[in-house]
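Engineer: One structure, as structure tokens, below. Some questions next.
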Amino acid sequence: MKSLGFILAIVVVSPTTLAQAPNPAEQLVTVKSGNRPIIISCPHDGTAAVSGVGERSGFAVDKFVTARDTGAGEVASKLADLLEKSLGGSPHVVIARFSRQYIDANRPPQDAYEWNAAKVVYDRYHD
């Protein structure tokens, strides 16, 4: 009998294990649904790295910036709380938890990221 020269591995994963697997895009973007026609968007306060994504180099991007708007997420959350109290309803809130070094959510896709793996996180922010 001749050796085929490869190893076959079978991994059994239960459906509940797959359902509980964390979605990196959901962990990197905080979304709070509201019931008023107001969206508070905070694209630049994050500090988290994006798995499988290198830092942006900014080649051919006008006004390239990677700095964080420190505290903007806290301001966005407090503003949402104040609006909810004064309006009797809550605004929608979207906060980027990823660093602007990897994705700039405030730019069109062609300028926002340089690695294809960043698209899912960018899309999560804008969805």
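The values are calculated or read from the model by the stated rules, or taken from the named source; none is laboratory data. If you're wondering where the values come from, they're calculated on a predicted model, not measured in any experiment. For neighbour counting, all protein chains shown are included, and Cβ atoms are generated from backbone atoms with ideal geometry for every residue, glycine included. What goes into the accessible areas is simple: the full protein's heavy atoms, side chains included, and nothing from ligands, DNA or RNA. Shrake-Rupley method; radii C 1.70, N 1.55, O 1.52, S 1.80 Å.
Engineer: Starting from the Cα-Cα distance between residue 26 and residue 120, subtract it from 0.36 nm times their residue separation and give me the gain in nm to one decimal.
Structural biologist: Extra length available between residue 26 and residue 120 comes to 32.9 nm.
Engineer: Ok, one more. Just order 99-107, 83-91 by mean Cβ neighbour count inside 10 Å, highest at the front, would you? Present the calculation step by step, with values, prior to reporting the outcome.
Structural biologist: Working: 99-107: 21.7, 83-91: 13.8.
Going by the mean number of other Cβ atoms within 10 Å, highest first, we get 99-107, 83-91.
Engineer: Any idea of the accessible area per residue across segment 50-102, 1.4 Å probe, to the nearest Å²? Walk me through the intermediate numbers first.
Structural biologist: Details: 3090 Å² over 53 residues.
Result: 58 Å² of accessible area for each residue.
Engineer: Evaluate the distance, in nm, between pseudo-label points positioned 7 Å from the Cα of residue 39 and of residue 59 along their respective Cα→Cβ axes.
Structural biologist: Label at residue 39, label at residue 59, 3.1 nm between them.
Engineer: What are the ³J(HN,Hα) values, in whole Hz, obtained from phi via the Karplus relation 6.51 cos²θ - 1.76 cosθ + 1.60 with θ = phi - 60°, for each residue of segment 99-104 in sequence order, with x given for Gly and Pro?
Structural biologist: Values per residue, Gly and Pro as x: 6, 5, 5, 9, 9, 10 Hz.
Engineer: Excluding residue 92 itself, calculate the net charge of residues whose Cβ lies under 15 Å from the Cβ of residue 92, where each Lys or Arg counts +1 and each Asp or Glu counts -1.
Structural biologist: After counting each charged neighbour, the total is 0.
Engineer: Given 25 °C and 0.890 mPa s, how large is the Stokes-Einstein diffusion coefficient of segment 47-127 in µm²/s, with Rh as the Kirkwood radius over Cα pairs?
Structural biologist: Values: Rh = 13.9 Å.
The calculation lands on 176 µm²/s.
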